[in-house]
Amino acid sequence: MGLFERKNYKIFFRSKGEAVLWLTGGGLMISLIMIAFLILLVLKNGLGNYIPLPITMMELKNGELLMGEVTKSELYTLDKAKFDQLDDKDKLRINENGMKEKRYLLRIGNFELTNEHFKWVSEYEIKNRSYPKDAVIIERLEWGRFYGIPKEFRIDGKAVSTDLNGIISNYKKYHDYVVKLWEEKVSIEKKEIGKLNHYIEKERLKLKKASMDLSKAKATKNELKIKEAQAIYEMSKAEFDAFDKSVKKNYERLIDKIDDLKKEYERYSIHFLTVDGKEKDVKLFEMIRSYYANQLTFSEKVGVYFSRWVEFLTGEPREANSEGGVFPAIFGTVVMTLIMSMFVVPFGVIAAIYMKEYAKSGKLISILRIAINNLAGVPSIVYGVFGLGFFAYTLGASIDKLFYSAKLPNPTFGTGGILWSSLTLALLTLPVVIVATEEAINAVPNSLREGSYACGATKWQTIRYIVLPRAMPGIMTGFILAMSRGAGEVAPLMLVGAVKLAPEMPVDSIFPFVHLERSFMHLGFHIYDLGFQSQNSDAAIPMVYTTTLLLITIVVVLNVVAIYIRNRLRKKFIGSIF
Amino acid sequence: MRDKNFARRAIDSLAKYLITVGGIGTIVAVLLVFLFLTYTVIPLFKSGEVSDRKSVVVSNELSFKHAVVDEYGLLGVVFDGKSFSAISMFNGEILTKFNIDGEIIGYNFNSKDDSYTISDSKGRLMVAKMNFGKNNIKSGDTTGNPNYSIRDGKIVEIDGDAESEYSVDIKVEEILQKDYKIVLVDSVSSENSRFLAFLDENKVLHIDLLSSKENMLTGEISQTIDESLLDMSGIIGGSFPKYLKINSSKTNIMLFFEDSRFINVDTKNFDNPFVLEDKKLFNDGRKITYLDFLIGRNTILVGDDKGNLTTWWSVESSLSKNNFQLTNIHTFSSGDETPVRFIYPSKRDKSFLVLNESNTISLYHMTSGKKLFQTKLEGINSQIGLMNQKNNKIFVIGKKNIAIFDINIPHPEVTFKSIFGKVQYELTNKPEHVWQSSSGSDDFEPKFGLMPLIFGTIKGTIIAMIFAVPIAIMGAIYTSEFAHKRYRNSIKSTIEVMASLPSVVLGFIAALIVSPFVENIVLGLIFCIIMIPFSLIFMGHLSQLLPKNTLNAMDRYRLLGIAIIGIPFGIFLGMKTSVIAEKLFFYGDFKLWLHTHSYSPIGGWALILLPAGIFVTMFIYRKFLYDFYISILDGKSYTICGLIEIIKFFILTIASVFVSFLFAAILTKIGIDLRFGLPVIESIMSTYVQRNALIVGFIMGFAVIPIIYTVSEDALNAVPEHLRSASLATGATQWQTVVNIILPVAMSGIFSAVMIGFGRAIGETMIVLMAAGNTPIMDMNIFSGFRTLSANIAVELPEAVIGSTHYRILYLAALVLFVMTFIINTIAELVRIRYRKRSSQL
């Protein structure tokens, strides 16, 4: 060691570059820290949202009583004028905190009574706080949460029980029953009446088409044709009238049924006393979830937590999307991504095979590669613009003219919809699939191909039986990456069919089951819409976080799987080159 | 056997055929996107279509003063000074005639409600209103080929089964009775009041406000009249003005004389009107031959006897504020020198029709300055040119016949210059780049200048790249050359996961988490950006004090040191120094400093110029002091060298700060302020907005880091291993190998990585849409919002009407984006192909 040791250090440090290395490593570390921070932030807020919080009752110094959940607390700088008015104890405390005062965001709920969902309360305003044991949190269908103390269980407006145990046992007794009735009513409204509306619309269009054919025939002035068209028209008119009558009867029957259900489930309610002394009757069917927040055991807390997650994943959105579930958005995203894959995977694989196995001239491949890289580099919004103009307004409008002319001027395919969204995203993700497939085909050693040719196989047979099976993991990678891209992309979807609230799912029980023309909900768009278009943003932000967590989880899991498959593929074929 | 072979071959060639079609299809897809966008954009720049002239002979010879035509171009009303005649425009038949008894002296047409304000010699003031109506008699299927006929003074349209009637109801209402002769009159009406101005024979200007009020209880309508007078006989002198006009805001009454004299009466104070301006519009003796307002009553169109048409509006004088003067903005020359006979402003947009004595009819669009149509008419003694409200028909009415042109000019306001150049919009002082596609008011003119959006796109991209490029490239270098082999793959995978994060998530975090958070610690953040690199380099120097063997084994722990000590210490330093700096240079409040003119800009300049200071200091050091420094180190021991290095680092840091302050002082002394009034970019730092370019740049940088990182890491990895080995074998250190061998070879690959990242940032939509505030302004202020092409498309395209100018301009925006990214990606790909060739030769 001594022999080669440098004695003169004049350029030693310069050649080591240690200082710059720290800087370079800093670049890497900052990226890693940022991503870790981002994921932790989303995890913390996304997972923490559904933890049941205790109910805090605050008595303010001005005599006001508030009750609710403390959802957030933060320090803020108190202005001088306010500070001077405080008493010494508060002054001392605030001084200790560096002139910063703590404040709490209290979710006070009871919106129809207070006109506020949230309220900021500063520490100095609070006289004392308590955690009332008999206070209940109720998550309702409408108006957000309700906080109160149950007083009476009522049936038909008459008190059945007034003691706590009685109320609880009655609640347990009737709640499931009432919810079942309510669900039945919703299902009738949505499914059966929806079906009726759908059929009657179909018949109406048939009639309109017949009338259009008739006037077309009249324009030709051909007696025979007019007669024929007239006959068809009259037949469909008669059909329509008959159908209309039967539908009306059905419709009335359903309405009656709904009324009966409504009457029955509206009988049950619980009478509450709120913290500000008001009384309020909450109908039993409105209650989605209710619990004594300050009496929960750990396992009950876990139960509430998971039941909220279940609602989030399987429920319908409520309260302008800011509560409830995101099932339609999950469903829309999945259906859209699957339809997209149906287009993008075959085409991407074919294009990659062409480039790797068929295209001969180097020039052509260069041009193709530039084309593909451009496809990958074109901003996604440009695809949206193209999709809207080309697919919806050009292709879709032509389809409407040919097949849905009776419905015009209301567009069927001539506006954004799930098919056009899928096609647009298919174009967008094409390069992903091409590049991944190409890589996989590249990894298939040439010796295998040559062996196949030597056995007398044709090119297609070689591709079919030798290349493609070995490239399959790579194709899968491309497929998964494309899906993850499709799930996360929002900008083009804003133009070609994603909506805030889709009245109908793209797949349902009405023939032809898959409705490609319908608009749909999408998780990414849901985040944008909730975070930016919703009026009550304090209430929406937890939902945004949870949805973000869900979306990130989906996208990251898809990516990790894809990366894993790719890495395995690389390893596998490194070993098999012979 | 043969059969099977045949089938085999057939399948083989079929597969080949199909796959070729699919492969070529991808090129076609790119082309299709481009072609479709172009196809949608092209109609914007087309000049439009004008049909051949159609002639209609008028049943009775006409004489005119003015005329008006209905929305559909079927029914016209001609005013000849005594009576109104309704005339069918398709066959020239006179349908009804409405006589007004008395001699009419003054009249003025108000295009907003198709009414004439008339005064007669007996001092009567009247309003004659043309109520055009369409009455659907029978609805039914239409063929699109209607037949017209006349029945009971009405025009009947029969189209297939549908039948409609067109008629005009002329209503004359007396509004005032005076006992003197009224020579000139104009009026503007609003919901329940009418503003009137008239000049009597004694040259006294009367300004009247007629307002009607409905009694809430009785329902009775009571009228009140306020009047103020201005005796102008002294000012006017001998001649009489020819035109009297009230502007839209009723603040000015303008009198024009034939010899181009112009008197402007200010009526802002209703009871106390005064003469604001008295001047000649033309100094070269040109005379006014016709004059009218453009739609909206803001711009005056003046036709003169030399065949020119000039547009005028009040512009604030550049010399003194609040001093408005009627100024000539555009000049349109018809080409022949005959006087202008008639001007008809369109009821739809800012275009107008000009008729010259030589029977030349021209159609111009004011804002774009575009000549839309011009023709010389033969065989007609043309008096008046008209357009219907749909702007699809031009009528030129002569004494005996009418010439009709069907026109279809869908985008009169668009020229290449109006989109990419500066345009002077109505009532503005100077030409500007503006994007404003919609507004609440009725006669609003959409302003489609793409420059603010392109500027915003570039602004966001540049700031993002300033963040992303150093971090990504340094990260790539470190991962591929220095990171421990065991972690290399997981680091790469993590960053690939970062690439997959949906941008809507980043946008949400930028807008709702980062923006409110940064708002309170702006200066701290900026100082962190400076102090983190400082702290890292400082820690690097400190680690040189470690024993040599420990230093050599540093590779394992360096990242840990960076994460645990380097970056946190940088943040700590940044926060602490920012507090001191805020007190010293920013008057204790950075945000206030940003928009206070009187505060000195030196601190801000020093911040911005710090990179320049570092650059200059390093340049001087390397050029002049390096040898001296090496000579100091000569023969010193390891630890002493390390200490001297640290001292050098501090001296250089202080020198850099000093140099940047020196530059800042010079700029401040000259009077250049980075907060206000810089040329083109306006400002670098100015008024703080919560959703600003700094935050968007930061988050967008986060979004493009992975792509730059991945591509440059690939480029670094692709450097042939033998080069690396050869360099190390000659005794070069790893760092020397990286700087001298690997980076130069991988440079073009890294360049293409940067280009690809650039392309990504240009097109990024969601982050900008959510966090940039979307204000289409043009300044480089890092604390203001901006609007990019992509965000603009996302916001406005869903509301644009298919085929409208707005729609097509948004397609143009998409095309501009496409072309920008196309160029960048193609360059990147070409560089990469060359690089691949070169590195395979090495």
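The values are calculated or read from the model by the stated rules, or taken from the named source; none is laboratory data. Only a predicted model underlies this, so the values are computations on that prediction, with no experimental measurement involved. Cβ: placed from backbone, ideal geometry, glycine included. Neighbour counts: every protein chain shown.
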Got a sec? Which helices (runs of 4 or more DSSP H) wholly within segment B:555-621 have at least 1 residues that are more than 42 Å from the chain's Cα centre (by Cα) and not assigned by TED's automatic domain parsing to the domain that holds residue B:519?
-> B:602-620
Give the residues of segment B:193-239 that are part of a strand (DSSP E or B), acidic (Asp, Glu) and within 23 Å of residue B:121 (Cα to Cα), sorted by residue number.
-> B:200, B:208, B:226, B:227, B:231
Reported set for segment B:530-550 where residues are more than 7 Å from chain A (Cβ to nearest Cβ) and more than 18 Å from residue A:29 (Cα to Cα) is B:542, B:545, B:546, B:547, B:548, B:549, B:550
Give, as residue ranges, the helices (runs of 4 or more DSSP H) completely inside segment B:675-755 that count at least 1 residues that are hydrophobic (A, V, I, L, M, F, W, C) and under 30 Å from residue B:591 (Cβ atoms).
-> B:693-717
For segment A:217-234, enumerate the residues that are assigned to a helix (DSSP H, G or I) and either within 46 Å of the chain's Cα centre (by Cα) or on the phi > 0 side of the Ramachandran plot (or both).
-> A:233
The condition of being at pLDDT below 85 and basic (Lys, Arg) holds, among B:287, B:213, only for B:213
Of all residues in segment B:31-59, which are touching a Gly at 6+ places or on another chain (Cβ under 9 Å) and more than 30 Å from residue A:371 (Cβ to Cβ)?
-> B:55, B:56, B:57, B:58, B:59
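Can you find even one residue in segment A:464-473 that is under 27 Å from residue B:703 (Cβ atoms) and within 10 Å of chain B (Cβ to nearest Cβ)?
Here is the first cut: in segment A:464-473, the residues under 27 Å from residue B:703 (Cβ atoms) are none.
No; the residues of segment A:464-473 include none that is under 27 Å from residue B:703 (Cβ atoms) and within 10 Å of chain B (Cβ to nearest Cβ).
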Just one listed residue, out of B:200, B:179, B:208, is within 25 Å of residue B:274 (Cα to Cα), exposed (fewer than 12 other Cβ atoms within 10 Å of the Cβ), assigned by TED's automatic domain parsing to the domain that holds residue B:247 and not aromatic (Phe, Trp, Tyr), and it is B:179
Has segment B:188-197 got at least one residue that is within 26 Å of residue B:292 (Cα to Cα), over 45 Å from the mean Cα position of the chain (by Cα) and polar (S, T, N, Q)?
-> no
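I need a count of the residues in segment B:657-674 that are over 17 Å from residue B:600 (Cα atoms) and either in contact with a Pro (Cβ under 9 Å, 6 or more places away or on another chain) or aliphatic (A, V, I, L, M) (or both).
Step one: list which residues in segment B:657-674 are over 17 Å from residue B:600 (Cα atoms), which gives B:657-659.
Narrowing further to those that are either in contact with a Pro (Cβ under 9 Å, 6 or more places away or on another chain) or aliphatic (A, V, I, L, M) (or both): B:657, B:659.
So the answer is 2.
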What are the pairs, 6+ residues apart or on separate chains, where a residue within segment A:187-210 that is under 20 Å from residue A:237 (Cβ atoms) and in a helix (DSSP H, G or I) has its Cβ under 7 Å from a residue that is of a type in the set (Lys, Arg) and at pLDDT below 85?
-> A:205/A:407
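May I ask you to verify whether residue B:382 is touching a Leu at 6+ places or on another chain (Cβ under 9 Å) and among the polar types (S, T, N, Q)?
Yes: the conditions hold for residue B:382.
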Report the residue count in segment A:518-544 for those that are under 11 Å from the mean Cα position of the chain (by Cα) and more than 7 Å from chain B (Cβ to nearest Cβ).
-> 9
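If I filter segment B:11-60 down to residues being away from chain A (no Cβ under 11 Å), among the polar types (S, T, N, Q) and within 28 Å of the chain's Cα centre (by Cα), which single residue comes out as surrounded by the most Cβ atoms within 10 Å (Cβ to Cβ)? Talk me through it step by step, then tell me what you get.
Narrowing segment B:11-60 to residues away from chain A (no Cβ under 11 Å): B:38, B:42-60.
From the residues that got through so far, the ones that are among the polar types (S, T, N, Q) too are B:38, B:47, B:51, B:55, B:59-60.
Pick out the ones that are also within 28 Å of the chain's Cα centre (by Cα) and you get B:38, B:47.
Details: B:38: 14, B:47: 12.
Residue satisfying both the conditions and the ranking: B:38.
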Working only within segment B:129-149, note down all residues that are closer than 30 Å to residue B:98 by Cα and loosely packed, with under 14 Cβ neighbours inside 10 Å.
-> B:131, B:133, B:135, B:136, B:137, B:138, B:147, B:149
Going through segment B:764-805 one residue at a time, which ones are facing another protein chain (nearest Cβ under 10 Å), crowded, with 24+ Cβ neighbours inside 10 Å and either part of a loop (DSSP other than H, G, I, E, B) or in contact with a Pro (Cβ under 6 Å, 6 or more places away or on another chain) (or both)?
-> B:764, B:765, B:788, B:790
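Being aliphatic (A, V, I, L, M), under 28 Å from the mean Cα position of the chain (by Cα) and within 14 Å of chain B (Cβ to nearest Cβ) narrows it down to one residue among A:11, A:51, A:30, A:35; which is it? I'd like the intermediate steps shown before the answer.
On the way: A:11 fails: under 28 Å from the mean Cα position of the chain (by Cα); A:51 fails: within 14 Å of chain B (Cβ to nearest Cβ); A:30 fails: under 28 Å from the mean Cα position of the chain (by Cα).
Checking each option against the conditions leaves just A:35.
Being touching a Ser or Thr at 6+ places or on another chain (Cβ under 8 Å), hydrophobic (A, V, I, L, M, F, W, C) and within 30 Å of residue A:392 (Cβ to Cβ): is that true of residue B:44 here? Break it down stepwise before answering.
Values: touching a Ser or Thr at 6+ places or on another chain (Cβ under 8 Å): yes; hydrophobic (A, V, I, L, M, F, W, C): yes; within 30 Å of residue A:392 (Cβ to Cβ): yes.
In short, yes.
Can you go through B:511, B:499, B:476, B:472 and tell me which one is surrounded by fewer than 20 Cβ atoms within 10 Å (Cβ to Cβ), within 9 Å of chain A (Cβ to nearest Cβ), assigned to a helix (DSSP H, G or I) and aliphatic (A, V, I, L, M)? Spell out the reasoning first.
Details: B:511 fails: surrounded by fewer than 20 Cβ atoms within 10 Å (Cβ to Cβ); B:476 fails: surrounded by fewer than 20 Cβ atoms within 10 Å (Cβ to Cβ); B:472 fails: surrounded by fewer than 20 Cβ atoms within 10 Å (Cβ to Cβ).
One residue alone meets the criteria, B:499.
Being surrounded by 11 or more Cβ atoms within 10 Å (Cβ to Cβ) and either of a type in the set (Gly, Ala, Ser) or not assigned by TED's automatic domain parsing to the domain that holds residue B:185 (or both) is the filter here, so list the residues in segment B:216-232 that pass it. Please lay out each step first, then the result.
Of the residues in segment B:216-232, the ones surrounded by 11 or more Cβ atoms within 10 Å (Cβ to Cβ) are B:223, B:225-232.
Result: B:228, single match.
Can you tell me which of A:255, A:193, A:270, A:226 is at pLDDT 85 or above and touching a helix residue (DSSP H, G or I) at 6+ places or on another chain (Cβ under 8 Å)?
On the way: A:255 fails: touching a helix residue (DSSP H, G or I) at 6+ places or on another chain (Cβ under 8 Å); A:193 fails: at pLDDT 85 or above; A:226 fails: at pLDDT 85 or above.
After ruling out the rest, the residue left standing is A:270.
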With respect to residue B:741, is the statement that it is without any contact (Cβ under 8 Å) to a residue 12 or more places away in the chain and either more than 11 Å from chain A (Cβ to nearest Cβ) or hydroxyl-bearing (Ser, Thr, Tyr) (or both) true?
-> no
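Return yes when residue B:402 is over 23 Å from residue B:47 (Cβ atoms), buried (at least 20 other Cβ atoms within 10 Å of the Cβ) and either over 14 Å from the mean Cα position of the chain (by Cα) or modelled with pLDDT under 85 (or both) and no when it is not.
Details: over 23 Å from residue B:47 (Cβ atoms): yes; buried (at least 20 other Cβ atoms within 10 Å of the Cβ): yes; either over 14 Å from the mean Cα position of the chain (by Cα) or modelled with pLDDT under 85 (or both): yes.
So residue B:402 fits the description; yes.
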Long-range neighbours under 7 Å by Cβ, at least six apart or interchain, first residue in the same structural domain as residue A:425 (by TED's automatic domain parsing) within segment A:360-379, second among the charged types (D, E, K, R) = A:369/B:829; A:370/B:829; A:373/B:829
Out of B:650, B:661, sole residue that is in contact (Cβ under 8 Å) with a residue 24 or more places away in the chain and either aromatic (Phe, Trp, Tyr) or in a loop (DSSP other than H, G, I, E, B) (or both) | B:661
Could you grab the pairs with beta carbons closer than 9 Å, sequence gap of 6+ or different chains, first residue in segment B:565-586 and under 22 Å from residue B:537 (Cα atoms), second one outside any helix (DSSP H, G or I)?
-> B:575/B:521; B:578/B:521
